[in-house]
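This report refers to the structure that appears directly beneath it.
The values are calculated or read from the model by the stated rules, or taken from the named source; none is laboratory data. Bear in mind that the values here come from a model prediction, so they are computed numbers and not experimental data. Virtual Cβ from ideal backbone geometry, glycine too; neighbours counted across all protein chains shown. Remember, those area values only see protein heavy atoms, side chains included, never the ligands or the DNA or RNA. Shrake-Rupley method; radii C 1.70, N 1.55, O 1.52, S 1.80 Å.
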2 protein chains.
Amino acid sequence: MDVDWDDLKTVLALVRAGSLAAAGAALGVNYTTVARRVQRAEAAVGVPLFERLAGGYQATETGLLVAEHASEMEARENALLRRLQGRDQTLSGPLVITAPQLLIGPMIAPVLDRFSTLHPDVSVKIRATNDLLNLNRREADLAIRISRNPGDTLMGLRLCAQHGASFASPELAARIAADPQGRIDWIVYEFSPQVPKKALELYPNSRVRMVFDDMVAMLGAARAGLGVVRMPLFLGRTTPGLVQVPMLPPQPYIDIWVVAHPDVWRSAKVTAFRDLLVPQFRKMRHLFVSGTGSEETEQVHRETNA
Amino acid sequence: MDVDWDDLKTVLALVRAGSLAAAGAALGVNYTTVARRVQRAEAAVGVPLFERLAGGYQATETGLLVAEHASEMEARENALLRRLQGRDQTLSGPLVITAPQLLIGPMIAPVLDRFSTLHPDVSVKIRATNDLLNLNRREADLAIRISRNPGDTLMGLRLCAQHGASFASPELAARIAADPQGRIDWIVYEFSPQVPKKALELYPNSRVRMVFDDMVAMLGAARAGLGVVRMPLFLGRTTPGLVQVPMLPPQPYIDIWVVAHPDVWRSAKVTAFRDLLVPQFRKMRHLFVSGTGSEETEQVHRETNA
DNA sequence: TTCACACCATGCGAAAACGCATGGCATGGA
DNA sequence: TCCATGCCATGCGTTTTCGCATGGTGTGAA
């Protein structure tokens, strides 16, 4: 009784994907291959692992058991690949970086420019998303995150503290300045769907006009004059068509971190990128904070929260 | 960057075996296949995993790293296979049992006889060895062990307590009886290469004549009259050509346990075998102990010593 | 030195795995 | 009802992988 490891891998993919076609796409093989490998696996263990339904393959209890263990095997494989990557001291090959969409233009792009000039053999891939990609699964090598919790089991460096404030289109700003006691419309983010407390104290006539789930769209709405938006200072300052308004005085916002898995933290490509990234944020610190407070700009962070 | 899991498995086998041929034999494939898979793995990780030396393949540091993680993947595979086996409620297919060579004839053989009659579809394999096979790695499904420590992480049932005593050939026994003060030659086991303390007190002229590393050979030597041997009561009593001698009065010996991995403990075949094994030892208890002490004969044992 | 015996590299034909194309089947919307 | 869209099963030709056989090399014993 012995099972082909790739068949186990295929069972795992099929359990995750739910259909032959999707699993095949995930594995980069034809779906018939998935079907055949699953058949082999079932023959090997002597028990059906899936029910063939019209809507796709549904894992049996045994199939889930197999997938569970295969998933643990995959975790070990990922650990291995991270370790191998960590010892890689070459400045060539792929490097995957993830960062929030809106941070890339003003802050990351200049770094990317210099990096690809200095290290032309590195093929950089940017994954611009607010999703927290799983660095354990090697979905990215290095992440720039705006977060209170840069990531369990990850290693990180605080790039910058930042302040948030309120911004609006010049026309709206002028209208408000002309009638500060009038109604003030806010566009708020779904994760804090209220008018900021401080703003409500200063301008009791504030109200929520709309709730958005996407900051890019909020920027667009703000520029179109739909309302006042709370956002990080750097964003308001670097977005044309927005001016700061006094509804919300600058106040601490979420820090910016660069994080990576400890296994890959010291690899050549990740190190080289950090070596450009950190000075960039140090140089541009004025963009992020209000006033001249001399806060610390770097801090090593390590969590071992298993 | 993605690696074929079977290539990892092959790297592990090659690190363990040390040569293409040996690894191929272990995997059940031609050695050229091993060579090709290793080449693929090296191409995938971009680093050499082995040095090709005249005497075989020597793993590089990176190769060892790969093997280490592959070994952990293998451990998860074994866990899976055990779990699958544990849910197997059929009384057909393979069942591997290991027991000390000398216990098989007098005690296990009758059980095997009944078992294969009751369950003719089970193909039983006996691994008769004093080595402690690794039940985690599924080298056997069920083990009968004479041991103070039936096995970490295993589940067990104490089949029987037993006594040990001294035995010799009838001729030697007669000679000693005729001259109890004369020199008494012992054949001892390498793990306790001394004349038993109690025997030395009673017969100060005892001395070690030879040290053996194998109990079968010691039985042979004892029957040939080479000396007195300390052995379990059941062994002396069931071996023709030996008689008990008074040098060493019966005293506690190592217990006999039946153990299995918790994952497979309750599977149908293992349970069915235990159901015959336990009564057999209960019935034959008189063979193992001296006198009529009414000791407990069963005791569930569970260790979780990770 | 010479032979025997490990080991490994390479080339070729056989076998297995794979991708593609066709067809069947169920579901859901027009 | 009919069609469109997902699914999956099956058959066929191609690609890849594999096993075998040959040849080369270094080591140790006669």
Are there any pairs, at least 6 apart or on different chains, whose C-beta atoms fall under 9 Å, with the first in segment B:201-226 and of a type in the set (Val, Ile, Thr) and the second outside any loop (DSSP other than H, G, I, E, B) and open to solvent by less than 40 Å² (accessible area, probe 1.4 Å), and if so, which? B:VAL208/B:ASP185; B:VAL208/B:TRP186; B:VAL208/B:ILE187; B:VAL208/B:VAL188; B:VAL211/B:ILE187; B:VAL211/B:VAL188
Selected residue [under 18 Å from the mean Cα position of the chain (by Cα) and within 17 Å of A:TYR253 (Cβ to Cβ)] from A:LEU233, A:LEU159: A:LEU159
Test each condition in (1) in the same structural domain as A:ASP141 (by TED's automatic domain parsing); (2) not in a strand (DSSP E or B) for A:ILE97 and report the one that comes out false. (2)
For segment A:27-48, which residues satisfy the criterion of being away from DNA strand D (no atom under 12 Å from the Cβ) and either surrounded by fewer than 17 Cβ atoms within 10 Å (Cβ to Cβ) or more than 28 Å from the chain's Cα centre (by Cα) (or both)? A:GLY28, A:ARG40, A:ALA41, A:ALA43, A:ALA44, A:VAL45, A:GLY46, A:VAL47
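Here's the yes/no breakdown for (1) assigned by TED's automatic domain parsing to the domain that holds B:ALA224; (2) in contact with an Asp or Glu (Cβ under 8 Å, 6 or more places away or on another chain); (3) not hydroxyl-bearing (Ser, Thr, Tyr):
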{"site": "B:ASP113", "(1), (2), (3)": "no, no, yes"}
{"site": "B:ARG138", "(1), (2), (3)": "no, no, yes"}
{"site": "B:LEU157", "(1), (2), (3)": "no, yes, yes"}
{"site": "B:VAL195", "(1), (2), (3)": "yes, no, yes"}
{"site": "B:GLU201", "(1), (2), (3)": "yes, no, yes"}
On the basis of being closer than 24 Å to A:MET215 by Cβ and in contact with a Lys or Arg (Cβ under 8 Å, 6 or more places away or on another chain), does A:ASP255 make the cut? yes
In the list B:PRO110, B:PRO100, B:PRO94, which residue meets the criterion of being open to solvent by 10 Å² or more (accessible area, probe 1.4 Å), more than 23 Å from A:LEU80 (Cβ to Cβ) and at the interface with chain A (Cβ under 10 Å from one of its Cβ atoms)? B:PRO94
Here are B:GLN85, B:GLN89: which of them is surrounded by fewer than 18 Cβ atoms within 10 Å (Cβ to Cβ), in contact (Cβ under 8 Å) with a residue 60 or more places away in the chain and within 14 Å of another protein chain (Cβ to nearest Cβ)? B:GLN89
Kindly establish whether A:ARG52 is more than 15 Å from DNA strand D (Cβ to nearest atom), over 30 Å from B:LEU95 (Cα atoms), open to solvent by 60 Å² or more (accessible area, probe 1.4 Å) and among the basic types (Lys, Arg). no
Would you list the helices (runs of 4 or more DSSP H) that sit entirely within segment B:1-90 and hold 3 or more residues that are more than 9 Å from DNA strand C (Cβ to nearest atom) and under 30 Å from B:THR271 (Cβ atoms)? B:61-86
Quick one: in segment B:113-127, which of the residues that are more than 16 Å from B:LEU277 (Cα to Cα) and modelled with pLDDT under 90 is most open to solvent (accessible area, probe 1.4 Å)? B:ARG127
What are the pairs, 6+ residues apart or on separate chains, where a residue within segment B:10-32 that is more than 14 Å from every other protein chain (Cβ to nearest Cβ) and polar (S, T, N, Q) has its Cβ under 9 Å from a residue that is within 12 Å of DNA strand C (Cβ to nearest atom) and open to solvent by 40 Å² or more (accessible area, probe 1.4 Å)? B:SER19/B:TYR31; B:SER19/B:GLY55; B:SER19/B:TYR57
By my count, strands (runs of 3 or more DSSP E) wholly in segment B:189-300 with at least 3 residues that are open to solvent by less than 50 Å² (accessible area, probe 1.4 Å) and closer than 30 Å to B:GLY93 by Cα are B:256-260
